[in-house]
Amino acid sequence: MIEANLDSIAQKSAFRHINPGTKLLLALGSLILCLISPSPVVPLFSGVALSLLLLGPGKLSPLFYGKLLLGPAAFVGMSIVVLLFMLGGGTAVWQTQVWWLNLSITTGAIRESIIILCRVFGCSISLFFITLTTPMTDLFNGMKKARIPIELVDMMMIMYRFIFIIYDQAVEIWQAQVMRLGYSRPKEAIHSFAMLSGMLFISSWTAGEDLIHAMDCRCYSGVFPSLDQTEPVKIPSFLLVVVYLSGLCGILALTLTTTVFP
Amino acid sequence: MNIILEARDVRYRYPGGSEVIKGISFHVRKGEKIALVGPNGAGKSTLLQMFNGMVRPVSGVMLVGNEPIQYDSASLRMIRKKVGYVLQNSDRQIIAPTVYQDVAFGPANLGYDEEKIREKVTHALQHVGLEGFERRPPHHLSGGEKKRVAIAGILAMDPDVLVFDEPTSDLDPAGSEDLMELLDELNQEGKTVVISTHDVELAYPWADRAILMLDGRILQEDVPEIAFGNQKNVRKAHLSMPMILELSQELERRGFIEPGKKPRSILDIIHSIQKVATDSQQCKKLGTITVCNVDRSDDVSIRTWLESREIIAIGAMGTRAKQRAATEHLTLEFTYGVIDKCILRALRGKDSLILTTTRMVDRVSQRVDSYCQESSVSIQVLQLQGSEPDPQTVRSEQAVSKADNSKM
Amino acid sequence: MNIILEARDVRYRYPGGSEVIKGISFHVRKGEKIALVGPNGAGKSTLLQMFNGMVRPVSGVMLVGNEPIQYDSASLRMIRKKVGYVLQNSDRQIIAPTVYQDVAFGPANLGYDEEKIREKVTHALQHVGLEGFERRPPHHLSGGEKKRVAIAGILAMDPDVLVFDEPTSDLDPAGSEDLMELLDELNQEGKTVVISTHDVELAYPWADRAILMLDGRILQEDVPEIAFGNQKNVRKAHLSMPMILELSQELERRGFIEPGKKPRSILDIIHSIQKVATDSQQCKKLGTITVCNVDRSDDVSIRTWLESREIIAIGAMGTRAKQRAATEHLTLEFTYGVIDKCILRALRGKDSLILTTTRMVDRVSQRVDSYCQESSVSIQVLQLQGSEPDPQTVRSEQAVSKADNSKM
Amino acid sequence: MHIMEGFLPWQWCLVWWIIAIPFLVLGVIQLRSMIKKDRDNLPLLGVCGAFIFILSALKLPSVTGSCSHPTGTGLSTMCFGVFITSVIGAIVLLFQALFLAHGGLSTMGANMVSMAIGGPVVGYALYKILKDTSVNIYVTVFLVSAVADMVTYIITSLELALAYPAAVGGVAASFGAFFSIFAVTQIPLSIVEGCVLALVFKYIVAL
């Protein structure tokens, strides 16, 4: 799960050389426009456009991208089913009676659900665009520039560094347990998992103490250096993003009342 | 010998990553000692983890006991019971709050009853020399002791094959030597032992066969003398040539030892030099080697026996032998490479005593025997036994016949 | 030489625990290479951590540059800038999410400005051969690379003394040799280097002085030949005797080498054997050693030079030399113990080329010189330089005078 | 269980962000004073945060598709208190969104309220109450963790219900629907997680 984390993909992204600010502007701009759009057109358009950008010039593997999109499907599926039955408006297209419960799906509910689905699609892809093209290390720099409290950013950097170390430990402990036939019965599985978590907690704590030492050895006085340089803002790519976002705004204005379902 | 592990053109790639095992075929015979050597990142650990089904190759077949590994959970349980795996880092493997609980983890998951679990744990702890440690918390143990607990945890499941990932990393030299000796003991009991390591000095004298790995492929696979003797491959695999081998190549180039001889120990190299230099002028009286089986001589006081001898050096082989030496307060001269060192002493006309366990007694005579045959000398191997008042006169049948053989 | 580190009867006990340092006094001179050896748990790490004030002794005094360490935070900052400490586990030492940020950690906390930080980081990364790694996250690096990042992080603070805790643990043999070479480079630049290790084979040829520790005390402190030559102490300290030393003792007992000679390398031992066996019948033509300074020969194509020679072996010393070899696609014959191996070749009448950096050029002549003096042979050391068309004829002043010296 | 990116209308995203921010600000202020008091707290908090992230990313055995966040936040609440936990929880949620495409940025406010604030606040209150009673410490840990877990899912259901009230029966009916559909997996899950945390606690004490 973590070996194939999105951050390592971002480290190798074909868009790595583009200024992080430019990328964030594109992704966050699209995200906000998708979110406030009352019609499904903008999210659909933006989702498809960004996907093509990622798969085309971004050289992302389509198989991997597909898997990524399917990830949240379970949550969406379950929630949409609830929404379909609950939301109202319009005329009923399908009705059934389960025991005493009257269940109906109305055209209004379908229309609403489609809008939500499209919004999830558009917004998620905007989020994926950030995570697949901009490594955390670049984001930390951006956060510092954006005046996010320095303690918070420092803590995030330490967390980022240690996530990989602790994960490796977790995997090793898990392997050792499985090799000795751990997790073989449900009750025993809970026990094994608790042992793993406890061990991990203790080794994390000692790792934290070692970190204090390591920082002391380097004369720590409260400064976390930032990355030496980030890619400069390039006018063409920046303008391209501005033009694209303006276009998206235009589409938003034109399709305020568009619906895809009667 | 039967093939117990086999890989047939196995390949592996991390999900969404690059290929780490790029087509490997080889086999391990029952009772062999195999060393898998290569630089960090060569794929050694991944390959080892295929043996017990922790890693499933994306193509190719892994066989255990001539049966392809099935990856359903029942078969995997069987495989993991058969092929025990000891992780590099004992701290990741030992996680229960006490030594007993940790060693009992495997047997408990095999569904044994209390009685049997206790028996297995006691036996396993005895084996690694940690009786009495049952209630200790593992994080208060030394590195070597932790390693032994980790091994006991695997032994308690009674596997046929033992796989060790970097067994001697983090151990100090004495700890490493002890561990290699333990591996030898286990091998003598019929376990097949596979280790991965980058300590060529340890692997060279120990292994029956060495497999050089680089970048997910096998570079060379042969007896250690050949596998480690190829300067080009050794360099390619980011290893160093074993000191002994490097020295012998230099000596050979200068004609101090016969060409083609590949010494595996200091004894071998001394012998080779001696042979060329003096061409067997062994005229002086040789020393003797007395073997004391600590498993059968509980009633003898070694100390008393020693008092009646002149200056003698004592070596101990095996965990129990060392414990015995400690309880009798004997100062040990040799604790590793014991037989060779005693032969070296004997060649200089001095006597020595080896404390060892039943299983290793034969090892001594075999080694001395083979040395004697090769170099046409005759070193007496005596046995110190409980029932006999003066062991010096009682040469065991075996030792006599061996020594006689060597005189031929 | 000036004393740079000193311990005066220091003792330490864990709060509420037992004593781990039981009264230790010793000193380190400026420019020395010290190896602290001993088993796990002997107190090596604790002692090392006293040098930069990480651990404060409960009694006794630690001195850095003849000044007792003060334990207020301003003084400690000064000490830690002066005495750089590299942890055993690089994962624990690397703090920041990218290589650049991590190496910049020390300089940034010393309050340098952006410009100076960049300069220090660039310089440190160049030193350890990791230019171009600035933006990589540490978890994408190999073990050896992580170690180098950890070292760069310390070098960026420009300390006078470098303290390494088990620098080669977890590295494969080639990685270890590279690292020891880097330590040599640093030492050549005037840094004092103290390491703790239990790898006697590496420490033996490297150290100026070895300190055997056991159970919180110093067992022995001497030049490595003596410190490691005492079988009893070595065994007590759970170490093994260096193979070379063990072999030479056996050879000495048999009269193959002169008594009292303690060889430190394969070259030495070959030399000793040769001396006794043939008593200097060096009649055949010796080979030459050509030194190429990669720092000053950017305009020469080594490849072109090589083409005009007959078969020659190439060795590289130092990170930059190895990088140069890689960019010119040269196959390296020797990557560690280079000078000795080239001398061995020269003795067999064969030529070799050593790629190295400015700082190490003198090392080569010194080593060859001292060998020549000792064994009264004369091996030519030539220089391959950019401006000269045929380096064979241009023996450097230094090399000439050295070679002349050695003929006396 | 996270509300994913884009699932909530923008008005509700805003509302939950506005509710969450004061906690975050208080947390950062507390964090700042803690670090000022002793700089060593920063690395310790950082490493513990990483631990909590890992714990939340590991799948609980035998219950597929679960994420055991409260196990982590519960531990953190008991160590560092509510406000610091809300900061750590926020970072964990951000990392989950960016590393694992789990949750989202616009819905992060809502997820914070349920996971990094609501659960810990109720859990902490319960912990304070039970601490001075004669209830066994492991039972306390179990109850705190299980209840914090349940509270998280109740708040999540409420958030969904408020955003999408039912045509018939309004928010209450919608809440009932969301709650009952998630309850199928979440009730056993919170019991399992309670057990796990109690065992973890027992284990840590044993060492």
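What separates the B:A74 label point from its copies, with the point 7 Å along Cα to Cβ, is 7.6 nm, written shortest first.
Among the protein heavy atoms of the stretch C:3-240, carbon and sulfur supply 45% of the accessible surface, probe 1.4 Å, non-protein parts ignored. Accessible surface calculations at 1.4 Å, restricted to protein heavy atoms, place the protein assembly as shown at 39 Å² per residue. Quick one: grab the alpha carbon gyration tensor of the protein assembly as shown, order the square roots of its eigenvalues as a ≥ b ≥ c, and give me rounded if a/c is under 1.5, else prolate or oblate depending on whether a/b is larger than b/c. Prolate is the answer for the protein assembly as shown, as a/c is 1.5 or above and a/b outweighs b/c. Simple spin-label estimate for C:E258 and A:T96 gives 10.1 nm between the two label positions (7 Å along the Cα-to-Cβ direction from each Cα). Measuring nothing but alpha carbons in the stretch C:95-218 and taking Rh as the Kirkwood radius, the Rg to Rh ratio lands at 1.00. Quote the FRET efficiency, to the nearest 0.05, computed for B:Y14 versus A:I150 with a Förster distance R0 of 30 Å and r equal to the Cβ-Cβ distance. It comes to 0.25.
Considering only D:G49, D:G170, D:G89, the mean-square fluctuation computed in a Gaussian network model of chain D, springs between alpha carbons under 10 angstrom, is largest for D:G170.
Between the beta carbons of A:A73 and A:Q229, assuming R0 = 35 Å, the FRET efficiency works out to 0.30 to the nearest 0.05.
The calculated 222 nm mean residue ellipticity attributable to helices in chain C amounts to -12500 deg cm²/dmol, summing -39500 (n - 2.57) over DSSP H runs of n ≥ 4 and dividing by all residues. Taking other residues whose beta carbon is less than 10 angstrom from the beta carbon of D:L8, and scoring Lys, Arg as +1 and Asp, Glu as -1, yields -1. Once you sort the root eigenvalues of the Cα gyration tensor of the stretch B:284-393 as a ≥ b ≥ c, which label holds: rounded (a/c under 1.5), prolate (a/b larger than b/c) or oblate (the other case)? In terms of gyration-tensor shape, prolate. Scanning chain C for the beta carbon that comes closest to the axis linking it by rotation to B yields C:M243, 2, distance in whole angstrom. From the alpha carbon centroid of the stretch A:88-126 to that of the stretch C:125-166 is 58 Å.
Rg/Rh for chain A stands at 1.06; both radii use Cα atoms, and Rh follows the Kirkwood definition. Across the options C:F51, C:S18, C:Q380, the greatest Cα extent toward the positive end of the charge dipole of chain C (unit charges at beta carbon of Lys, Arg, Asp, Glu) belongs to C:S18. Only the Cβ atoms of Lys and Arg (+1) and of Asp and Glu (-1) were treated as charged; on that basis the dipole of the protein assembly as shown about its Cα centre amounts to roughly 1100 debye.
For chain B, rounded, prolate or oblate, judged on the Cα gyration tensor with a ≥ b ≥ c (square roots of eigenvalues), a/c < 1.5 rounded, else prolate if a/b > b/c? Taking the square roots of the gyration eigenvalues as a ≥ b ≥ c, chain B is oblate. Charge tally around B:G65: other residues with Cβ under 11 Å, Lys/Arg +1 each, Asp/Glu -1 each, net -1. Listed values for the stretch C:161-172 are Karplus-derived 3J(HN,Hα) couplings in whole Hz (6.51 cos²θ - 1.76 cosθ + 1.60, θ = phi - 60°), namely 10, 10, 10, 10, 9, 6, x, 9, 5, 6, 9, 7, and x replaces Gly and Pro.
The residues packed around B:I339, meaning those with a beta-carbon under 10 Å from its beta-carbon, carry a net charge of +2 if Lys and Arg are +1 and Asp and Glu are -1. For the residue pairs A:K12/C:K120; A:K12/A:K59; B:K285/B:K350; B:K120/B:K191; B:K33/B:K116; B:K82/B:K191, the alpha carbons lie more than 19 Å apart in A:K12/C:K120; B:K33/B:K116. Distances between equivalent label points of C:L306 across the copies, with each point positioned 7 Å along Cα→Cβ, amount to 5.8 nm, shortest listed first. Excluding same-chain neighbours fewer than eight residues apart, the lysines reachable from A:K145 by a Cα-Cα span under 16 Å are A:K23. Every pair of different Cα atoms in the stretch B:3-240 enters the Kirkwood calculation, which places the hydrodynamic radius at 18.2 Å. When chain A is treated as a Gaussian network with alpha carbon springs shorter than 10 Å, the biggest mean-square fluctuation among A:L44, A:L84, A:L248 belongs to A:L84. Label point of C:E252 (7 Å along Cα→beta-carbon): distances to the other copies' equivalent points are 2.9 nm, sorted ascending. Between A:I125, A:I116, A:I173, the residue with the greatest mean-square fluctuation in the GNM of chain A (Cα pairs under 10 Å linked by springs) is A:I173. Derived scalar couplings between HN and Hα for the stretch C:77-86 equal 4, 4, 4, 6, 6, 7, 10, x, 10, 9 Hz in order, rounded to whole Hz, by the Karplus curve 6.51 cos²θ - 1.76 cosθ + 1.60 (θ = phi - 60°), x for Gly and Pro. Here the calculated FRET efficiency for B:A326 and C:N66, from their Cβ-Cβ distance with R0 = 60 Å, stands at 0.85, rounded to the nearest 0.05.
Summing Cβ point charges (Lys, Arg +1; Asp, Glu -1) relative to the Cα centre of the stretch C:284-393 gives a dipole of roughly 360 debye.
The values are calculated or read from the model by the stated rules, or taken from the named source; none is laboratory data. Please read these numbers as outputs of a predicted model, since none were measured by experiment. Note that we place each Cβ from the backbone using ideal geometry, even for glycine, and neighbour counts take in every protein chain shown. Keep in mind that these areas ignore ligands, DNA and RNA; they rest on the heavy atoms of the full protein, side chains included. Shrake-Rupley method; radii C 1.70, N 1.55, O 1.52, S 1.80 Å.
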